[in-house]
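The values are calculated or read from the model by the stated rules, or taken from the named source; none is laboratory data. This structure is a prediction, so every number in the text was calculated from the model and none was measured. Using ideal geometry, Cβ is built from the backbone for each residue, glycine included, and neighbour counts are taken over all protein chains shown. These accessible areas exclude ligands, DNA and RNA; they are computed on the full protein's heavy atoms, side chains included. Shrake-Rupley method; radii C 1.70, N 1.55, O 1.52, S 1.80 Å.
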Amino acid sequence: MYNQLRSWQTEYRQEFDKRMAVREDVEVSELGYRLTDSFYAKQYRIALRNSGIIDPLKIEDYIALDGYKALADLLENQIPQADVVAEISESLLRGRGGAGFPTGRKWAEALKHDAEHKFIICNADEGDPGAYMDRNILETDPHCVLEGMAIAGYAVGADFGYIYVRAEYPVAVKRLKIAIAQAEERGLLGKNIMGSDFSFHIELRLGAGAFVCGEGTAMMESIEGRRGLPRVKKYRTAHKGLFGYPTIINNVETLANVHMIMLKGAKWFRSIGTEKSPGTKVFALVGKVANAGLVEVPMGTPLREVVYDIGGGCKDGKELKAVQTGGPSGGCIPTSLIDTTLDFESLAAIGSIMGSGGMVIMDNDDCMVDIARFFMEFTVDESCGKCTPCRIGNKRILEMLERIIAGMGEPRDLRYLKLICETVRDTSLCGLGQSAPNPVLSTMKYFANEYEAHVKEKICPAHVCKGLAQYIILDSCIGCGKCKRNCPVSCITGEIKEKHVIDHDACIKCGACEAACPVHAIEKR
Amino acid sequence: MKSPETVTLTINDQEVTVPSGTTILDAAKKLNIKIPTLCHLDLHNMKFVNQTSSCRVCMVEEEGWDKMLAACSTRCRNGMRIRTDTIKVIRTRRLMVELLLSNHPTDCLICSKNGNCDLQALAAEIGVTRIDYPGYRSHHEMDTSSFSLVRNMDKCVLCKRCETMCNDVQTVGALTDIGRGFDTVVGTLFGMPMHETTCTFCGQCVAVCPTAALTEVDNISQVWEALDSDKIVVVQTAPAVRVALGEVFGMEPGTNVTGKMVTALRRMGFDKVYDTNFAADVTVMEEAAELVDRINGEGRLPILTSCCPSWVKFIEHQFGDMLDIPSSAKSPHEIFGSLAKTYLADKIGAKPEDIVVVSVMPCVAKKYESKRPELGQGDYSDVDIVITTRELGRMLKDLGLDFANLPEEEFDELMGVASGAGDIFGSTGGVIEAALRTAYEWLTGKPLEKIDFHELRGLSGIKEATVEINGVKHKIACANGLGNAREVLRRIRSGEANYTAIEIMACPGGCIAGGGQPYHHGDDSIIRKRMEAIYESDRHKKIRQSHKNPQVIKLYEEFLGAPHSEKTKKLLHTKYVWRQKM
């Protein structure tokens, strides 16, 4: 069976190389092939190594690039489980889902406990707005995740794996199903893999759209058939997890790294990235950036390099104001900290997080209070409603932000806002609630002046918050009266051919006058 | 790796050593440090522990960490340094209660739980005087669809005690969270009204609800109206009421207040004050006769008791194929109602429609039961109005009676005398013990030497005893709590247990812990005290077997004829309906 895999590999590689030879956008690299566009020049792709290169519907392509070789090597040479765990531990691979927990520690814990069954769960419930790292991996290279899961299964003695994937990722679901069927057909998954004693089955579980199900214990509740609520954690998941059995939950990107670590060794992996955070990280670079897309760089790469060298800076040459990392639970990094390096420690030190890899670029047209409100709105919507601070506290935070944005904030609100944010952070039951106030806390820290402008001077410096906007008629007014006629509340006065005036107390800030003015003499401030 | 048997930690600099697995809350109790809680509820005897740690009121600090710990569910670790006395802890606790109150109606003065509300008590204890974070308050439709329970989810604090009780302890599964985030609410399957769900109306959710989110249907005004009318109003009181009613008036739990209760009911204006315990004796006559018939080959064994309407609804929903095994005897208060409108009506020369039967019950399911269409004759129901122990307490307070100092009076003649067997109906194990006391003598023709069946007493979930009758060993079982009932039914269905007779009570502990009893507020020692009072009453009775109760003998001689005969089958027996599982 192992020889069979080798002969497949040789055969498919020849055919694959032929196909690659005619493609202009790829070149041979250390890990197979790489994309040549300048966008990729400064990237180092491990998790995304096959993305855009192989055909995800063809297991032949994956096998051609040493696919399932890592698993086959373990089985053929009957490598002891502890050695596999030791290799992963030594690689210092850390969870790419957000918390950065050492993967080897999880595996070692699960290996330690004897049990009739053990489970591997692949967390593919990616839900951060604007983040689609996992989706891309699943859609472009599903087999590398399956192989990662099988290796994890072998290492800890698990016999069953679940991929908990969002139902909103229909393409990923479809491709995973095809990939599982292909791998099973060839004996690379399922019962007695490649003729060995090791059996490992993988099934999909589709999430019903709840963000909180990305939290490990809520995910297990959901797979077990209950409402996805975080559990009170009495045991480690690797000790008593799914259905009470030892369980490993690894994120898609984490598992996508496993194959390469096994093939090239922990030492190779540690040569990339920083000492405490080796390897690479995929970021979804979005927002007001010139070149948006998925970016995989070695850990420790300065934020500046990602934003400017790869992303090309802000769109339309505007000035960078902040970078939000870590999704709705992350923080906003001001331009002054642009030289921060991208690794777990450095980001935590400045009040943000790595998270799953969301990276939103904001320019001077973005109001930081409004940004905080946007992310709060998301978490309030996605809270499971179990614990008081997350259910009610976050709602109250959102309401305070909405009041501030509407121009009804009071100076004391800022003190109250900070206190409730800190309390929610320190008391919530699960990671969702604990990190929900991060966008508010980090913007309050780095953009305190904007908050103060909103509550004290009642202005929005970025001119975003409608409630605080003022429409001013400039001296260039020609006195045509169009604004007056279009105003729904009749708050504009003025004689024909003379400059008109807006009554700010009566104005409802609808913007109809600005749109109607033929000479652009009305400005929003 | 074996965990050490004890762990040592400090709480507010005081060292304490506790068995491993102990929560911070329990360790603090050992040091007499009080950590306020809300959602947490530990009813040890009833195998009920609500450890959802969702309210976050009990948050404490671990030195050196920003993240706080929920004392109710975090287990102690060696070397922990816990603080419960910092400004942060106090402020956090207050903020949690403030947040809960910010989404809670503040109509305490006119709330039915006023004075009995855990949230109100907590807010007072920690001194919340204002709400710094006001905001939008959620609003949900009240569910008044059932005859037993009212759901007012505006007052829910999502402690989930009701869900733990309904799903984990009772295994009924009628309640679940629906919606998410701020809109989360404890609801029913597909938001159906309560009367359409599989809810058995055991009322244990009401018993553990800290606020007025779940309460009983209030039937007090109907009783006052009946008392104000020209009708003959007859009241009966269940065995478990007399050992709990005193608690409403601050008396020691487990005080038997039978005499004072009778006096109070007379002063309220009831024309006749009778005892459901008498009807319990009649129930024993019917059930024991049915048991004898079944042991002699008529119908199948085991026979299951049928006094508990909640349990009856449970089997109708969950085990609809097994409806031939419960006894067909009506529950005692229905038997009383039926007799009141026939036997008593004859005696006092009244028409059944001129008699109003009021039941005072420890139970909210009895409210629903009294509305079952088959429980009556022709146009009238056996029982007209059911009120709970709590409602009776409120009515007596309305009257301004100095309950604790009332003189003691006796029940009225005819249906007011009960044997000790009738008394113990109120406790788990009591019904089957009472039935055995009679059935044994009927089957053997010999007097029963040992009248107490201690194996069937106490708060264990499933109890078993073996009784030898005419050389055959009969296995008897008793289950309290619907989760245990489910297990016993499973054993019967699978054939792994071979029982002759089984008692089932829906409420853990039996009727003494019923959903209509005064609130125990998490102190389950109260249940044990009520139980002791019931057995105490039995112990002091001269007549302790139902078939020796002179008023029962008279009833059969003058009116009913033989137990389990054609006439009793018409008046005192009923039938069951196979209901949907969801």
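Tell me the relative contact order for the range A:280-363 as a rounded percent, counting alpha carbon contacts under 8 Å between residues six or more apart.
That works out to 38 percent.
Find, among the GluC sites (Glu not before Pro) in the range A:4-89, those assigned to loop by DSSP (not H, G, I, E, B) with at most 11 other beta-carbon atoms within 10 angstrom.
The qualifying sites are A:Glu24, A:Glu30.
Could you work out the percent of alpha carbon pairs in the range B:237-281 separated by over 18 Å, rounded to a whole number?
29
Where in chain A are the DSSP H helices whose C-alpha atoms run 24 Å or more along the long axis and whose mean Kyte hydropathy is at least -1.0?
Helices passing the filter in chain A: A:411-427.
Give the distance, in whole Å, between the Cα centre of the range B:532-582 and the Cα centre of the range A:1-42.
That distance is 87 Å.
What does the buried accessible surface come to for B and A, summed over both chains, with the probe at 1.4 Å? Round to 100 Å².
3000
Over 21 Å between C-alpha atoms is what I'm after, so list which of B:Lys260/B:Lys330; A:Lys234/A:Lys386; B:Lys450/B:Lys475 land there.
B:Lys260/B:Lys330
Roughly how many Å is it from the Cα centre of the range A:460-507 to that of the range A:404-425, as a whole number?
The range A:460-507 and the range A:404-425 have Cα centres separated by 32 Å.
Take the range A:470-524, compute every pairwise Cα distance, and split them into 5 Å bins from 0; I just need the percent in each bin.
4, 25, 39, 24, 7
What's the ranking of B:165-176, B:343-354, A:404-415 by average number of surrounding C-beta atoms within 10 Å, highest first?
Packing order, densest peptide first, comes out as B:165-176, A:404-415, B:343-354.
Of the listed pairs B:Lys351/B:Lys371; A:Lys418/B:Lys29; B:Lys347/B:Lys529, which have alpha-carbon separations greater than 28 Å here?
A:Lys418/B:Lys29; B:Lys347/B:Lys529, as the Cα separations exceed 28 Å there.
Over every pair of different alpha-carbon atoms in the range B:429-582, take the mean of 1/r and invert it; report that Kirkwood radius in Å.
Kirkwood hydrodynamic radius for the range B:429-582: 17.8 Å.
Using the Kirkwood radius over Cα pairs, work out the Stokes-Einstein diffusion coefficient for chain B at 10 °C and 1.306 mPa s, in µm²/s as a whole number.
Answer from the Stokes-Einstein relation: 63 µm²/s.
Between the chain alone and the structure with every protein chain in place, find the residues of the range B:36-61 that drop at least 40 Å² of accessible area; heavy atoms, 1.4 Å probe.
Checking the loss per residue gives B:Gln51, B:Ser54, B:Arg56.
Rounded, prolate or oblate: which fits the range B:41-97 when a ≥ b ≥ c are the square roots of the eigenvalues of the alpha-carbon gyration tensor, with rounded for a/c under 1.5 and prolate only if a/b beats b/c?
It is oblate, given that a/c is not under 1.5 and a/b is not larger than b/c.
Determine the percent antiparallel among the DSSP beta bridges restricted to the protein assembly as shown, to the nearest 5.
55
In whole percent, what relative contact order does the range A:152-224 give with Cα contacts below 8 Å and a gap of six or more residues?
That works out to 36 percent.
Under the rule of at least 5 residues apart or a separate chain, name every residue whose amide H is placed under 5 Å from the amide H of B:Ile303.
HN-HN under 5 Å from B:Ile303: B:Ala501, B:Ile502.
Any number yet on Rg/Rh for the range A:280-363, C-alpha, Kirkwood?
Rg/Rh for the range A:280-363 comes to 0.91.
List the pair-distance distribution P(r) of the range A:217-266, using every Cα-Cα distance, as the percent of pairs falling in each 10 Å bin from 0 up to the bin containing the longest distance, rounded to whole percents.
Each 10 Å bin holds this share of Cα pairs: 24, 40, 24, 12, 0.
In percent, how large is the relative contact order of the range A:368-457, given Cα pairs closer than 8 Å and 6 or more residues apart?
Worked out over the range A:368-457, it gives 38 percent.
Which value, in debye to the nearest 20, describes the size of the charge dipole of the range A:368-457 about its Cα centre when Lys and Arg Cβ atoms bear +1, Asp and Glu Cβ atoms bear -1, and nothing else is charged?
320
Long-range amide H contacts for B:Leu149: which residues qualify at under 5 Å (H placed 1.01 Å from N, peptide plane, sequence gap of 5 or more or a different chain)?
Those lying under 5 Å, H to H, from B:Leu149 are B:Val217.
Check each of the trypsin sites (Lys or Arg not before Pro) in the range A:12-94 and keep only those in coil by DSSP with at most 13 other C-beta atoms within 10 angstrom; list them in order.
Those that pass, being in a loop and sparsely packed, are A:Arg23.
Please work out whether the range B:138-216 counts as rounded, prolate or oblate from its C-alpha gyration tensor, where a ≥ b ≥ c are the square roots of the eigenvalues and a/c under 1.5 means rounded, while otherwise a/b larger than b/c means prolate and anything else oblate?
It is rounded, given that a/c, with a ≥ b ≥ c, falls under 1.5.
Can you compute the radius of gyration and Dmax for the protein assembly as shown, using only the Cα atoms, both in Å?
For the protein assembly as shown, the Cα-based Rg and Dmax read 36.1, 119 Å.
Which of the lysines could a cross-linker bridge to A:Lys18, judged by Cα under 24 Å and excluding same-chain residues fewer than eight apart?
Of all the lysines, those that pass the test against A:Lys18 - Cα under 24 Å, at least 8 places apart if same chain - are A:Lys58, A:Lys69.
With only Lys, Arg, Asp and Glu charged, each at its Cβ (+1 for the first two, -1 for the last two), find how big the charge dipole of the range A:307-372 is about the Cα centre; round to the nearest 20 debye.
Using Cβ point charges on Lys, Arg, Asp and Glu, the range A:307-372 gives about 100 debye.
Within the range A:455-519, how many lysine pairs that are 8 or more places apart, or on different chains, have C-alpha atoms less than 29 Å apart?
Count of close lysine pairs: 19.
For the range A:22-67, what does the accessible surface come to per residue with a 1.4 Å probe? Please give it in Å².
Here the per-residue accessible area is 43 Å².
For chain B, what does the accessible surface come to per residue with a 1.4 Å probe? Please give it in Å².
For chain B, the solvent-accessible area averages 38 Å² per residue.
Classify the range A:77-270 from the C-alpha gyration tensor, please: rounded if a/c falls under 1.5, else prolate or oblate depending on whether a/b exceeds b/c.
Verdict is rounded for the range A:77-270.
Rank these by accessible area, largest first, 1.4 Å probe: B:Asp85, A:Asp159.
Ranked list, largest accessible area first: B:Asp85, A:Asp159.
With n ≥ 4 as the cut-off for DSSP H runs, can you work out [θ] at 222 nm for chain A, using -39500 (n - 2.57) per run divided by the number of residues, rounded to the nearest 500?
The per-residue figure over chain A is -11000 deg cm²/dmol.
Just list whichever of A:Lys118/A:Lys174; A:Lys318/A:Lys524; B:Lys473/B:Lys541; A:Lys445/B:Lys67 have alpha carbons separated by over 21 Å in the model shown.
Result: A:Lys118/A:Lys174; B:Lys473/B:Lys541 exceed 21 Å.
Report the Cα centroid-to-centroid distance between the range B:358-437 and the range B:332-348 in angstrom, as an integer.
When both Cα centres are located, 14 Å separates them.
For the range A:326-435, which whole-number percentage of the solvent-accessible area (1.4 Å probe, protein heavy atoms only) is attributable to carbon and sulfur atoms?
That fraction is 54 percent.
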